Amino acid sequence: MTAGIPRFTEAESVTEQQTDTDQQAEAPGPESAADFEGGDRLSTAPRPESSLAVPRLGTWELLRWMWRQLTSMRIALTLLFLLSVAAIPGSLLPQREIDPSKVLQFYLAHKTWAPILDKLQLFDVFESVWFGAIYCLLFISLVGCILPRSLAHFRAMRGRPPAAPRNLKRLPVHASFRTAAPAEQALAAAQKRLKGRRFRTVTGADAGGTWVSAEKGYLRETGNLIFHLALLGILVAVAIGHFFGFKGARLVTEGNQFCDTVAGYDNLTMGQLVGPEDLPPFCIHLDKFTASYQDSGDQMGQPRTFDAYTTYYATPTSKPKKVDVRVNDPITVNGTNVFLEGHGYAPVVTVKDGTGQVVYDGPVTFLGIDANFTSSGSIKVPDAKPKGLGFQGYLLPTAVTVPGSMPASVFPAAQNPVLILAAYAGDLSMDAGESQSVYTLDTSHMTRLQVKDKTNPAGGNALMLSVGQSATLPSGLGSITFDGVKQWAQFNIAYDPGQPIALGSAAFAVLGLVGSLGIRRRRIWVRVSEQGDGTRLIEVAGLARTEGATPTTEVTEAAETLAAQLTVAPSGSAPEERVPEERDPAEPGPAENDKQQRKSTPRTGASA
Amino acid sequence: MINENLAHYSNLFIALALVAYAFAFFAYCAEWAFGSRSRIGAKAGAVGRSDAAVAGASAAAGEHTTVSVGSSGVSVLTRTAQEEAEPTIAGDSVRAEIGGRFAVLATFIGFGLHAAGVVSRGLAVHRVPWANMYEFSCAAALAMAFAYVVLLTTGRKVRWLGLPVTFIVLLTLGLAYTVLYTDAEELVPALHSYWLYIHVTAAVLSTGAFGVATVATMLYMLKAAAEEGKLPRLHGVLERVPSSGMLDRTAYRVIAFIFPLWTFAVIAGAIWAEKAWGRYWGWDPKETWSFIVWVIYAAYLHARATHGWKGRAAAWIALLAFLCVMFNYFGVNTLLTGHHSYAGL
């Protein structure tokens, strides 16, 4: 019902497209008449004035009316705009999908607004009902448009070019000459020439003489359809990835190992149709992590290389393999990729409690918070006796102390690591049931210890330890030693079975676009008519079916080649060789021009 | 390692290019200011009208009917827009013509220096010279100047593009040189990928071409208003700008040509993202805004085929799309945090 008329090719030039011949050849059914009236209307939607009033009709008609609206170009345009507008908040507001901690920060900063925005799903824009509704409608609209058009294009591909119009002079480009050669020879030469240029040709005869009709550039519409179908393919790929894929992250400190089990992840998102048994059973051991940084110039401190030297086991029983994982250079195990996503420092400390027992010995992961990798974190020793111990503070990889101010890190590499810690004693509230962040200490049931170092006033009430240094806690609560610094690497593990489909679809989308925007669809007609004086008039005329594609050169060259083959007879002064006069001298501009020209084109001859 | 010497020369070339472009810009200004109403258009019309029957063909409207009889005895009749019939900015003023020719010369010199600057930067750092905002701005401006220079050398009458193009190139390059400048250095690990060559090159070219299309679109808006009798003050100048139909077509052609490349740039970015971060699309601000730009240019292309959206409405969409291109570049890089925040912006 909505078939026949192109909706989404930009630039199907109206003037040229809607000539009489098109109507018969390509647009069967009532629309052709409607569109002939409608002038340059390419949309299948009702005209604006009529579309405002919902007809008082039965359910079926209402549904039909809604369908026509949905598949109309105006609605498609509106939906495209809505889609782009709807995406904007997703880039301006923090998104749970991208960084949940930023959403929490936003909540703390905007106590009244955040819940309202959350109700509107503005922190999950791309998962939200309204964003989904927009793209669903858009895709329904697209399908509603593609299917009829594919059908129409299929018919056009199998059909033949339309009959030649009676009066070729009315076409945008027209060339003519006279010849004494027989009509059959002229016609054959013309057809051969056009066929040689890979035009699809058909010949015919009517009261005005014989003609060749040729068309080329069908791939434009093919490309257009492929492009839109490819968009559907991408949607399918995204859905497949959503249901059958998984992604997770795990932080691994040098010397430690991670195995791909649900329990092994710091966080893991699995598609609805993925179970724990679907995770490939590989293990990765981080042997060493190295980073190098720019050490001079205005980009000082910028990272230059990251290398995570790992040993990995594709299955628990397979042979270990040494792999250097880098950014842009993941490990692939059975379609699952392991990416190097982040890195940071883990100070290695030994904590002894009041009884002299070593209650903690090992690396503690700290999170980098600035460009010079000042890292924050906490050390939790709940089982220390007589009281639980906790430390909260910073690691400065390259600490510089300026008298009178707090020490600060001036370079991201660990050249002079210093640990600055506030010490607490008491109950760490770790059994309270609520899960705690490993990077912060719950000090609500703890007391801050006085650890002021008289020899080092810069530290304030905090311990300041270089590598190898120890500090004794007051009241015989124990001691802490800063043994050194290890690095950790964060690995992202992702599996997305939709990827090949997405890639293939994307490739088709680009190819389709190139065809759809780059190929010119045009028609060329050659008409041979007897002139009474024994000569024949050969006319060649062309029509663009896409904007700005008038085949001037093609027509001129074809005419010149034919003239050379057929020996030109001296040109008579037949009056019809003059330019038609119906053009209105007062035409205001090209846009109007087009319309005028089209309307003034009478529907002559050309009975196919 | 970085070749400091070459990097130094690169900066020098860019500075000299700025000077040359500035000369070109002022010369174009002179051309516009001194230009007078052209009689060329009228003459071209007269040629058509020599055949009495063509009395109706309106040269001023950009649609033009010509009849030519070749030596082969073939008479050709065309009703398409004739670029030859378009007016020129200089019109009949000799002073303006001299200004215009000097401007073109200065543009070529500026382009040469600009290209030398970008190339020597690339040689200095042993990679494509568009890996940070300074380099990207220089390269995008070069792409834009290149598009204009190519049009000039193909013998088309596109000198009307000169003033706006040099203005934008000057602005971009000046901003790059003063605000965005960063020393020639190696790359951050995130950029160690051959996708830098593919993805960013496509993005540079697209951005430059969208800029050219925007110039044509803006002129189209002005010219279309002038053709309706609005903007009487600018009438004298706008008379010498090509017809609105021609400007509109130029904008459309550039966008239709470059839209597939922009699509490719986004897809190449997605492939790179998959390789680097494990997902091909994650609604990072840069991705989101590239998507928005893509959707709006898609809307433009659709609008051109929709009743009631042609002409000015479509032109507004194209301008909106370019605003988004600019935000995607400057806004996203400086205001929003995401995966595309790199060294020195």
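The values are calculated or read from the model by the stated rules, or taken from the named source; none is laboratory data. On a predicted model such as this, the values are computed, not experimentally measured, just so you know. Don't worry about glycine lacking a Cβ; one is built from the backbone with ideal geometry, like all the others, and counts go over all protein chains shown. With ligands, DNA and RNA removed, areas are computed over all heavy atoms of the protein, side chains included. Shrake-Rupley method; radii C 1.70, N 1.55, O 1.52, S 1.80 Å.
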Place a point 7 Å from the Cα of A:Asp278 in the direction of its beta carbon; the residues of region A:471-502 whose amide N falls under 13 Å from it are A:495-499
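Taking R0 as 56 Å, what FRET efficiency do you get between B:Thr334 and B:Arg95 from their Cβ-Cβ distance, rounded to the nearest 0.05? Mind showing how you got there, number by number?
Details: r = 43 Å, r/R0 = 0.77.
The computed FRET efficiency comes out at 0.85.
Hey, with R₀ at 51 Å, roughly what FRET efficiency would A:Val402 and B:Asn5 work out to, going by the Cβ-Cβ distance, to 0.05? Let's see the in-between values first.
Values: r = 36 Å, r/R0 = 0.71.
The computed FRET efficiency comes out at 0.90.
Summed for both chains, how many Å² of accessible area, to the nearest 100, are buried between A and B with a 1.4 Å probe?
On the way: alone 31650 and 16860 Å², together 41690 Å².
Buried: approximately 6800 Å² between B and A.
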Tell me the accessible surface of A:Ile140 in square angstrom (1.4 angstrom probe, heavy atoms of protein chains only), to the nearest ten. 70 Å²
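Just by accessible area at a 1.4 angstrom probe, what is the order of A:Ser444, B:Ser243 from largest to smallest?
Details: A:Ser444 80, B:Ser243 5 Å².
From most exposed to least exposed: A:Ser444, B:Ser243.
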In terms of the Cα gyration tensor, with a ≥ b ≥ c the square roots of its eigenvalues, is region A:423-557 rounded because a/c is under 1.5, prolate because a/b exceeds b/c, or oblate? prolate
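Give me the number: length gained by fully extending A:Val129 to A:Thr567, i.e. 0.36 nm times residue separation minus the C-alpha to C-alpha distance, one decimal in nm.
Working: separation 438, 0.36 × 438 = 157.68 nm, distance 7.16 nm.
Between A:Val129 and A:Thr567, full extension yields an extra 150.5 nm.
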Label-point separation in nm, A:Asn267 to A:Asp383, each point 7 Å along Cα→Cβ: 2.9 nm
For A:Cys283, the accessible surface traced by a 1.4 Å probe with all protein chains present amounts, in square angstrom to the nearest 10, to 20 Å²
Describe numerically, in nm with one decimal, the distance between label points set 7 Å from Cα along Cα→Cβ at A:Ile140 and at A:Gln415. 6.3 nm
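Using the beta-carbon distance between A:Leu120 and A:Arg158 and R0 = 51 Å, what value does 1/(1 + (r/R0)^6) give for FRET efficiency, to the nearest 0.05? Intermediate values should be presented prior to the final figure.
Details: r = 51 Å, r/R0 = 1.00.
That pair, A:Leu120 with A:Arg158, gives E of 0.50.
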In nm, the gap between the two label points placed 7 Å beyond Cα toward Cβ at A:Val467 and A:Val438 is 2.2 nm
What does the structure give for A:68-76 when I average, per residue, the other chain Cβ atoms found within 10 Å of the residue Cβ? 2
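Full-extension gain between A:Thr332 and A:Asp99, please, as 0.36 nm times their residue separation minus the C-alpha to C-alpha distance.
On the way: separation 233, 0.36 × 233 = 83.88 nm, distance 2.52 nm.
Here the answer is 81.4 nm.
Within the set of other residues whose C-beta is less than 12 Å from the C-beta of A:Gly271, count the net charge using Lys and Arg as +1 and Asp and Glu as -1. Don't skip to the end; give the middle numbers.
Working: positive: A:Lys247; negative: A:Asp278, A:Asp496.
Neighbour charge sum, excluding A:Gly271 itself: -1.
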Starting from the amide H of A:Tyr360, placed 1.01 Å from N in the peptide plane, find each other amide H under 5 Å away whose residue is 5 or more places distant or on another chain. A:Val351
Under a 5 Å amide H to amide H cut-off, with H placed in plane at 1.01 Å, what residues pair with A:Phe282 once short-range neighbours are removed? A:Asp260
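Which sequence of B:Leu231, B:Leu152 reflects their accessible areas, 1.4 Å probe, from the largest down? All intermediate terms of the calculation are to be shown ahead of the outcome.
Values: B:Leu231 60, B:Leu152 30 Å².
Descending accessible area places them as B:Leu231, B:Leu152.
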Measure out, as a whole number of angstrom, how far apart the alpha-carbon centroids of region B:145-186 and region A:530-558 sit. 42 Å
Amide H neighbours of A:Arg304 at under 5 Å, excluding residues fewer than 5 places away on the same chain, with H built from the backbone geometry, are A:Ser292, A:Tyr293, A:Gln294
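Mind running the shape call on region B:278-339? Use the C-alpha gyration tensor, a ≥ b ≥ c as the square roots of the eigenvalues: rounded below 1.5 for a/c, prolate if a/b tops b/c, oblate otherwise. Present the calculation step by step, with values, prior to reporting the outcome.
Values: a/c = 5.41, a/b = 2.02, b/c = 2.68.
It is oblate, given that a/c is not under 1.5 and a/b is not larger than b/c.
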Probe radius 1.4 Å, ligands and nucleic acids left out: which of A:Arg96, A:Arg160, B:Arg121, A:Arg155 has the largest accessible area, and how do the rest follow? A:Arg160, A:Arg155, A:Arg96, B:Arg121
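Based on Cβ point charges of +1 for Lys and Arg and -1 for Asp and Glu, what charge dipole magnitude is obtained for region B:223-345 about its Cα centre, in debye rounded to the nearest 20?
Details: 12 positive and 7 negative charges, 58 e Å.
I would put it at about 280 debye.
Can you give the accessible area per residue of region A:310-450, in Å², using a 1.4 Å probe?
Details: 6720 Å² over 141 residues.
Per residue, region A:310-450 has an accessible area of 48 Å².
Would you tell me the mean number of C-beta atoms belonging to other protein chains that fall within 10 Å of each C-beta in A:487-494, as a whole number?
On the way: counts 0, 0, 0, 0, 1, 3, 1, 5.
Mean inter-chain Cβ contacts per residue within 10 Å come to 1.
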Is the shape of region A:314-452 best called rounded, prolate or oblate, per the rule: a/c under 1.5 gives rounded, else a/b larger than b/c gives prolate, else oblate, with a ≥ b ≥ c the square roots of the Cα gyration tensor eigenvalues? oblate
Would you please put A:259-270, A:216-227, A:164-175 in order of how densely packed they are, using the mean number of other Cβ atoms within 10 angstrom per residue and starting with the highest? A:164-175, A:216-227, A:259-270
